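Since the structure comes first, as structure tokens, the remarks are kept for the end.
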Amino acid sequence: NGLHAKMVAKGRYYFGTAVDQNTLSQSVISNIVKEEFGMLTPENSMKWESTQPSRGQWRLDGGDYLVNYAQQNGKHVRGHTLLWHSQLPGWVSQINDAATLTQVLENHVTTLVTRWKGKIQHWDVANEVFEDNGQYRNSVFYRLLGERSIEIAFRAAAKADPNCKLYLNDYNLDYTSSKLTNFIALVNRLKAAGVPIHGVGTQSHLMVGNGAIPTFKNPLQMLHDTGLDVAITELDIRMKMPSDNSKVQQQSRDFQTVVKACLDLPRCVGITVWGVSDKDSWVPSTFQGEGDALLWNNNYQKKEAYTAVANALA
Ligand code: G3I
């Protein structure tokens, strides 16, 4: 009766986490995953630099590992991610004509989506296309193809697996901002143009005690108003280390606020936390002096934040 079962009992699709072979192959983690989570996102193995490090050279074994694990254990999968400026190999960034890039993008999307057709229920088709100021990110895709790059990726994905739910995903959509406004405007343009988009993903990498968390419901409602499915795709709530009792209590309240905001909106289909334990989280290596962002501690024991989430789902 883990988090996923509770979420399903609430009429939602899933509660998930981010893993890959390096974590899933550890029995302590695998046991938690089997008990608690119903949706798996590959933390790194389906990214461009992992899957097509040089042109036409495919390395799909990491993705295969995760998908096979999911099949054997009855888990859903959120593919992550097809069109992203980061972890993009140099050979793609160096392309300098639109026709070649279109063909490379279509081929990349088609190859990955076809490989796991029917076994991946949601794909993050495009990730982080906006800068924090709400302008388009100056990636090779935007420079050569403009907004059409997004449409190309969604159309190729839908063609390769017409039953998969296709998502536009981004971060810092947790408060009202020009980024959130422009993200929603893009979603509405894509819908109006008949582009096959089914969901919006808000990553939600948050900080304990952040002043925007109590009103987290508002931006989520704005995403929900697009009429698409909404998913919280990479939730974690980090703190300045060392931890203390008041931070632990605040973190529990913050996790509850986010979970309740999702449950308040009928089309919030699921929540994914970005990793199982604090030991495996991306946070400490990225934010100096911060950590403890997840639901299990360094010793793979459930934290108070876990209990808070479980109670919010009860
Ligand atoms: O696998 C290589 C290894 O061979 C090499 O020796 C080592 C040395 O640097 O790097 C290893 O790759 C690392 C990879 O994680 C796998 O562990 C990369 O350096 C490291 O940069 C990479 O970090 C990932 C990060 O995305 C990259 O942008 C994190 O694990 C992953 O949690 C993080 O996830 C992102 C989402 O995809 C998008 N949203 C934000 C989120 C957090 O940054």
### Summary
Given backbone amide H placed at 1.01 Å from N, residues whose amide H is under 5 Å from that of residue 206, ignoring those fewer than 5 places away on the same chain, are 236, 237, 238
### Task
Compute the length gained on full extension between residue 300 and residue 212: take 0.36 nm times their separation in residues and subtract their Cα-Cα distance, giving the result in nm to one decimal.
28.8 nm
### Query
Using the per-residue mean of other Cβ atoms lying within 10 Å as a proxy for protection, in what order, highest first, do the peptides 287-296, 115-124 fall?
115-124, 287-296
### Task
Run the quick spin-label model on residue 243 and residue 163: label points 7 Å from Cα toward the beta carbon, then report their separation in nm to one decimal.
4.1
### Task
Report, in degrees rounded to the nearest 10, the 0 to 90 angle that the Cα long axis of helix 148-160 makes with the longest principal axis of the chain.
80
### Message
For Cα pairs less than 8 Å apart in space and 6+ apart in sequence, what is the mean separation divided by the residue count of region 3-313, i.e. the relative contact order in percent?
### Response
17
#### Entry: FRET efficiency estimate (nearest 0.05) - Cβ-Cβ, residue 44 to residue 175, R0 25 angstrom
0.35
### Summary
For residue 191, counting only aspartates and glutamates whose alpha-carbon sits under 18 Å away and dropping same-chain residues fewer than eight positions off, the answer is 124, 147, 151, 170, 225, 229
## Note on the structure
Relative contact order of region 258-314 (C-alpha contacts under 8 Å, at least 6 apart) in percent is 30
### Task
Please figure out what share of the DSSP beta bridges in the chain is antiparallel and state it in percent, rounded to the nearest 5.
10
### Query
Among 158-168, 172-182, how do they line up from the highest to the lowest mean number of other beta-carbon atoms within 10 Å?
158-168, 172-182
## Note on the structure
Under the helix-only model (-39500 (n - 2.57) for each DSSP H run of 4 or more, divided by the residues of the chain), the mean residue ellipticity at 222 nm, to 500 deg cm²/dmol, is -12500 deg cm²/dmol
### Efficiency of FRET from Cβ geometry, residue 57 and residue 264, R₀ 35 Å, rounded to 0.05
0.15
### Message
Please give the Cα centre distance for region 212-281 versus region 1-37, rounded to the nearest Å.
### Response
16
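Bear in mind that the values in this text are calculations on the coordinates, not laboratory data. The structure displayed is predicted, hence computed values, not measured ones. All Cβ positions, glycine included, derive from the backbone under ideal geometry; neighbour counts span all protein chains shown.
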